[in-house]
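Structure first, commentary second.
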Amino acid sequence: MNLDQALQTYIEESRALLADMEAHLLRLEREPAEPDTLNALFRAAHTIKGSAGLFGLDPIVSFTHGVENLLDCLRAGEMLLSGEIVELLLRARDHMSLLIATVAEAGEAAGADLRAQGDALERALRETLGGDVAGGVPAQAPDPVIASGGGQIDGDVWQISLAFGGEVLRNGLDPISFIRHLATIGEIVAFSTHCPDMPPLAEMDPESCYLACEIGLKTGADKRAIEDVFDFMRDDCELHIMPPASLLPASLERITHARGPEDRVGDILVEAEVVTAREVDAALARQEAAGAGEARPALGEVLIHQGDAPKAAVDAALAKQREIREHKVAEARFIRVHADKLDALINLVGELVIAGASAALIARRANDAALVEASSVVSRLVEEIRDNALTLRMVEIGETFNRFHRVVRDVARELGKDIALEIRGAETELDKTVVEKIADPLTHLVRNAMDHGIEPAETRIARGKPARGTVLLSAHHDSGSIVIEVQDDGGGLNRERILRKAVERGLVAPSATLSDPEVFNLIFEPGFSTAEQVTNLSGRGVGMDVVRRNIEALRGSVEIASREGTGTTIRIRLPLTLAIIDGFLTRVGAASFVIPLDMVLECLELTAQSTAAARGRAYIDLRGEVLPFIRLREHFQQDGDAARRENVVVVHCAGRKAGLVVDELLGEHQTVIKPLGKLFQNIQGISGSTILGSGEVALILDVPSLLQRTISQEASALAALTDGAR
């Protein structure tokens, strides 16, 4: 076994379990009386602790044991769940995460600060338990008395069947001493003896033991502790321990929630503490002795026959066995692949796309019909490989969204506000790389919405709003992009205050006429803030400019819609993938440009009549609809005269349409996105580049920024026209 690889697997699985623990704790805060959630919490902590023990991670084992004790008391109903306990468990969960991170990043023991934090949390856990930890050694009778004769064994008493072997006395063992020792872990409430193997008096051997007994024991110890009493004579006796009837519901519950990797009935019963490993071994030996074939009894039948397990528990274990096997079949369809391997595959597919385009171009130039046909088949297969490879990196954004339950809870407490988080479209998929890089900008936007957007409860009630504010995170697909929205039902943005602040800082001329979106976008300027006071969360003017910069680095855009007194929506638009897209290839002069195909609606000829009708303005009449357009030749300052016949590619984004005027339409093109160098990465209207089959470099257009530029130009022209009319 590769221990380093196994440890890495443990770290990854533990992080997933810790994420589950956080979600379960936040759910418990809303629904305290949810037993399934408590059981799931306990299983997660138990799995982390158990697996840590395999790698000798003692700090994790020790600390998680205290968490496990508290959870066990809660699910047993010995303590009532409160907000303080949830808070303590969340802090404990965070500490477990730090311990695991220490193993993952440094591979060494925790530092002094981390140990001190753990000690403080362990003290808090013990104080919360009050010292009454379930499963401890119960009060013991100072002078146990063994009663002879029968006794009525009720439903709260362990039933122990004990038959001493014939060699016990010869081996120097005293049967009565073991029974006295048994009395030290509980109270013997019933005791009866019988001698089923006693021979006639004339045949008796005074050195042989023929004693057997039935014992009723009332104790808080578990089955393994009772079995350990007879550890020194285990090979010289036959022992069967039947748990009390009162423990059966708890045993069935543990069987139902067993999560061990084994699907054997014996292992399930051992994990649920219904039987011990020794009892299973003895049952297996008896099963083996029975031979093979149809006459061979099942393990569960042997355990029932021996009196080691109740039939109800065995039936539950068999049901759990079927469930585990079905789950294994489902799990067999999934494998864990390192992200670097996926990235390498995507890169190779990208190179294959470029090579395929080059082969197709050579085939057309050779004018060989068979070669063109073969090249077409290869191109189709490459396209299918590309689509399937890209889906390997697509993940649901819900995993990122769910992290914000904790963020909203903690920030709301810090601000003293009552705020709920709603999530929509969690199943929306996008590239894993995009998901990883969008988490930080979203965190800042959510915290900003809670701090500046949502008002205190008194203000909300005075405005006729519910006392509880709401932050909505949503995602959906639109035109080959994913749209993520952060929406709050707070006070909205104050347009006049933003404009006044912008004028004070010299960002806007006092006489400037700005639209609402232009005014709202001023909050993305570096150092811009309208907060009246600085808080721990925001108000220093640092962050929103970083948010926009990070989003634009992902070839995305961000826009704001707000109504004062109603709320604010910040809309982020991102590409679905950063690797390969379907594009529409065009040419302007000697330069080639690729337009994302999902944004292309139609293509049409820019006729002389259309240009004349516009009277020099940058728009045309598209079937009764005004369509603004931008000439790419002018925008990118291409040399040479315009083509005799120009074309308009009609594109759309975020519900808006515009036209891009080009010289030549070259058709669809599989586009492998190559990043621009640092020198060119801030060019407006360009999101990347690609390599054509001919070896030329084509630029990929950033349609959202081009649309924004077109609309802004039209708005400025309209404003100038209006001012001239005045």
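The values are calculated or read from the model by the stated rules, or taken from the named source; none is laboratory data. Since the model is a prediction, treat every value here as computed from it, not as a measurement. Neighbour counts are summed over all protein chains in view; Cβ atoms, including those assigned to glycine, are modelled from backbone coordinates with ideal geometry.
General observations
- Taking (1) in contact with a helix residue (DSSP H, G or I) (Cβ under 9 Å, 6 or more places away or on another chain); (2) closer than 30 Å to Arg224 by Cβ; (3) at pLDDT 75 or above in turn, Leu345 satisfies each apart from (2).
- Considering (1) under 30 Å from Ala112 (Cα atoms); (2) surrounded by fewer than 19 Cβ atoms within 10 Å (Cβ to Cβ); (3) among the small types (Gly, Ala, Ser), the lone condition that Ala52 does not fulfil carries the number (2).
- Residue check for Glu664: under 30 Å from Gly356 (Cβ atoms), surrounded by 12 or more Cβ atoms within 10 Å (Cβ to Cβ), not assigned by TED's automatic domain parsing to the domain that holds Ala355 and not hydrophobic (A, V, I, L, M, F, W, C): yes
- The conditions of being part of a loop (DSSP other than H, G, I, E, B) and not acidic (Asp, Glu) are met by Ala643.
- Selection status of Val329, assigned to a helix (DSSP H, G or I), at pLDDT below 75 and either surrounded by 14 or more Cβ atoms within 10 Å (Cβ to Cβ) or not acidic (Asp, Glu) (or both): yes
- Residues being over 34 Å from the mean Cα position of the chain (by Cα) and free of Cβ contacts under 8 Å to residues at least 24 places away in the same chain - total across the stretch 339-361: 1
- As a summary of the residue check, Ile226 satisfies the conditions (1) modelled with pLDDT of 80 or more; (2) in contact with a helix residue (DSSP H, G or I) (Cβ under 9 Å, 6 or more places away or on another chain); (3) farther than 26 Å from Pro297 by Cβ except for the one numbered (3).
- Residue match in the stretch 511-523 (condition: loosely packed, with under 12 Cβ neighbours inside 10 Å, modelled with pLDDT of 85 or more and either more than 20 Å from Asp545 (Cα to Cα) or in contact with a Lys or Arg (Cβ under 6 Å, 6 or more places away or on another chain) (or both)): no
- Taken together, the criteria place Leu169 among residues that are assigned by TED's automatic domain parsing to the domain that holds Ala309, of a type in the set (A, V, I, L, M) and in contact with an Asp or Glu (Cβ under 8 Å, 6 or more places away or on another chain).
- Test result for Ala202, of a type in the set (A, V, I, L, M) and exposed (fewer than 15 other Cβ atoms within 10 Å of the Cβ): yes
- As a summary of the residue check, Pro526 satisfies the conditions (1) surrounded by fewer than 18 Cβ atoms within 10 Å (Cβ to Cβ); (2) in contact (Cβ under 8 Å) with a residue 24 or more places away in the chain except for the one numbered (2).
- Number of residues in the stretch 269-288 that are outside any helix (DSSP H, G or I) and either more than 10 Å from Arg224 (Cα to Cα) or among the aromatic types (Phe, Trp, Tyr) (or both) equals 1.
- The stretch 434-454 - residue that is of a type in the set (Asp, Glu) and surrounded by fewer than 19 Cβ atoms within 10 Å (Cβ to Cβ) and, of those, farthest from Arg393 (Cα to Cα): Asp440
- Residue that is surrounded by the fewest Cβ atoms within 10 Å (Cβ to Cβ) [pool: residues in the stretch 160-180 that are under 15 Å from Thr193 (Cβ atoms) and in contact with a Gly (Cβ under 9 Å, 6 or more places away or on another chain)]: Ser161
- Contacts under 6 angstrom Cβ, first residue in the stretch 646-662 being more than 18 Å from Arg617 (Cβ to Cβ) and at pLDDT 85 or above, partner of a type in the set (Ser, Thr, Tyr) and surrounded by 24 or more Cβ atoms within 10 Å (Cβ to Cβ), 6 or more apart: Val662/Thr586
- Some residue of the stretch 80-92 being at pLDDT below 70, surrounded by fewer than 20 Cβ atoms within 10 Å (Cβ to Cβ) and acidic (Asp, Glu): no
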